[in-house]
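Asks: Quick one: the structure is below, questions incoming.
Read-outs: derived from the displayed coordinates by stated rules, not from any lab. Quick caveat, the model's predicted, so the values are computed rather than measured. Neighbour counts run over all protein chains shown; Cβ positions are idealised from the backbone, glycine included.
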Ligand code: PEP
Ligand code: MG
């Protein structure tokens, strides 16, 4: 199938009724960049900076981070690159920064560690801002936001990093700033968060995990983990509508963005862009190029009436088989 879809590589993703939906790719290591380029990625929608931290045995210096981020921004320039700040903790431990907790997914992870260790956060932000100098294709994304204070404190630190760099004689341009929406509390405060940033990015892996109280990595409960659960669909709709009301784009960067059934619903909701694994890009492009937004909206309306993920899956799978 992938081969058949190969000819799609140089086409843009646009619904037959004219809605462009840029397709970006997720990456975590430099080795992810070539597959992204080969798949015709329009940019990096999520660079998980914790991966380069995880494969080392001590914290990378500002200079080492600068070199890495520069390489990514340069490789994709002028296409946009979204660098997410460190999201360690949870299922992503660092051997040289051990965190012992009984409930790591509810513990010290993502932005929480960054705010408790501003020196680590500032180093990373400085490296990112310097790396973007003269390229200006950087978007900066903050993970695990669960309160407005998380954003406010992070934005103050970003401002501070910028001022420090300017005082040192660097020319810095303001990156686009975004918040991950991946915790249920953020869904219920999405307008307040949206007012503080330039874009939102939905992390369906954690949002599904936290909404449904299902460990995203536990095989035993895998059948309870489903991004087509009506509660997840309601949350996605609420976030995307809030983004529209506040006039900022909403992207989806969790694994579900690569599931054509979920993608159909997101098209119907009016999602601004999707970021997925390079391997999923061709089939999602096919779905976008095959289904009008009008048709996707009709499927969304039908799905909203259903009470079970399995029924929604059946409806959308049939639509995909029929092909738009
Ligand atoms: C997510 O939670 O959906 C996400 C994109 O981030 P990660 O998988 O890195 O937690
Ligand atoms: Mg996440």
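Asks: Quick one: plug the Kirkwood hydrodynamic radius of region 24-172 (C-alpha pairs) into Stokes-Einstein at 25 °C, 0.890 mPa s, and report D in µm²/s. Please report the intermediate quantities before stating the final value.
Replies: Numbers: Rh = 15.8 Å.
Approximately 155 µm²/s, per Stokes-Einstein.
Asks: Once R0 is set to 22 Å, what does the formula 1/(1 + (r/R0)^6) return for the Cβ-Cβ distance between residue 311 and residue 234, expressed as a FRET efficiency to the nearest 0.05?
Replies: Numbers: r = 15 Å, r/R0 = 0.69.
Given R0 = 22 Å and the Cβ-Cβ separation, E is 0.90.
Asks: Express the Stokes-Einstein translational diffusion coefficient of the chain in µm² s⁻¹, to the nearest whole number, given a Kirkwood radius over alpha-carbon pairs, 25 °C and a viscosity of 0.890 mPa s.
Replies: Working: Rh = 20.1 Å.
Calculated translational D: 122 µm²/s.
Asks: For n ≥ 4 DSSP H runs only, could you compute -39500 (n - 2.57) per run for the chain, divide by its residues and tell me the 222 nm figure to the nearest 500? Write out the running numbers ahead of the final one.
Replies: Details: 14 runs with 149 residues, N = 324.
Estimated from H runs of four or more residues: -14000 deg cm²/dmol.
Asks: I want to verify a result. In a Gaussian network model of the chain, Cα cutoff 10 Å, which of these has the top mean-square fluctuation: 77, 170, 229?
Replies: 170
Asks: Can you give me the relative contact order of region 74-146 as a percent, contacts being Cα pairs under 8 Å and 6 or more apart? Don't skip to the answer; put the middle values down first.
Replies: On the way: 78 pairs, mean separation 35.9, N = 73.
It comes to 49 percent, rounded to a whole number.
Asks: Considering Cα pairs under 8 angstrom that are at least six residues apart, work out the relative contact order of the chain and quote it in whole percent. Don't skip to the end; give the middle numbers.
Replies: Numbers: 583 pairs, mean separation 62.7, N = 324.
Worked out over the chain, it gives 19 percent.
Asks: Hey, another quick one. How many nm separate the modelled label positions at residue 67 and residue 221, each set 7 Å beyond the Cα in the direction of the Cβ?
Replies: So the label points at residue 67 and residue 221 sit 4.2 nm apart.
Asks: How tilted is helix 260-269 with respect to the longest principal axis of the chain? Cα atoms for both, answer in degrees (0 to 90, nearest 10).
Replies: 80 degrees
Asks: Most fluctuating residue of 182, 168, 191 in a GNM of the chain with Cα springs under 10 Å: which is it?
Replies: So, out of 182, 168, 191, the one fluctuating most is 168.
Asks: In addition: What's the Cα-based Rg to Rh of region 226-303, Rh via Kirkwood?
Replies: Answer for region 226-303: 0.93.
Asks: Taking R0 as 56 Å, what FRET efficiency do you get between residue 9 and residue 156 from their Cβ-Cβ distance, rounded to the nearest 0.05? Provide the component values of the computation, followed by the final result.
Replies: Values: r = 43 Å, r/R0 = 0.76.
Rounded to the nearest 0.05, the efficiency is 0.85.
Asks: Work out Dmax and Rg for region 125-203 from the C-alpha atoms and quote the Rg first, both in angstrom.
Replies: 13.3, 41
Asks: Find the centroid of the Cα atoms in region 276-324 and in region 1-71, then give the distance between the two in whole Å.
Replies: Using only Cα atoms to place each centre, the spacing works out to 24 Å.
Asks: Could I ask something else about it? Could you compute how fast region 106-257 diffuses translationally, taking Rh as the Kirkwood radius over C-alpha pairs and applying Stokes-Einstein at 10 °C with viscosity 1.306 mPa s? Give it in µm² per second. Show your work: numbers first, answer last.
Replies: Working: Rh = 16.4 Å.
So the translational diffusion coefficient is about 97 µm²/s.
Asks: Just to verify a number: FRET efficiency for residue 97 and residue 245, C-beta to C-beta distance, R0 = 35 Å, to 0.05? It would help to have the intermediate numbers written out before the result.
Replies: Details: r = 39 Å, r/R0 = 1.13.
Taking R0 as 35 Å, the efficiency between residue 97 and residue 245 is 0.35.
Asks: How big is the convex hull of the Cα atoms of region 1-102, per residue, in Å³?
Replies: Details: hull volume 15.0 nm³, N = 102.
Spread over its residues, the Cα hull of region 1-102 gives 147 Å³ apiece.
Asks: Please report the spacing between the Cα centers of region 169-221 and region 94-154 in Å, no decimals.
Replies: That distance is 13 Å.
Asks: Considering all projection directions equally, how large on average is the shadow of the alpha-carbon convex hull of region 279-324, in square nanometres? Mind showing how you got there, number by number?
Replies: Details: hull surface 13.4 nm².
With the hull built on Cα positions only, its mean projection is 3.4 nm².
Asks: Then there's this: Cut-off 10 angstrom, C-alpha nodes, Gaussian network model of the chain. Which of 69, 51, 24 fluctuates the most?
Replies: 51
Asks: Let me ask something additional. May I ask for the angle, rounded to the nearest 10°, between helix 309-322 and the longest principal axis of the chain, with both axes built from Cα atoms and the value confined to 0 to 90°?
Replies: 70 degrees
Asks: Take every Cα pair under 8 Å in region 267-324 that's 6+ residues apart, average their separations, divide by the length, and report that relative contact order as a whole percent. Don't skip to the end; give the middle numbers.
Replies: Numbers: 28 pairs, mean separation 26.4, N = 58.
Answer for region 267-324 is 46 percent.
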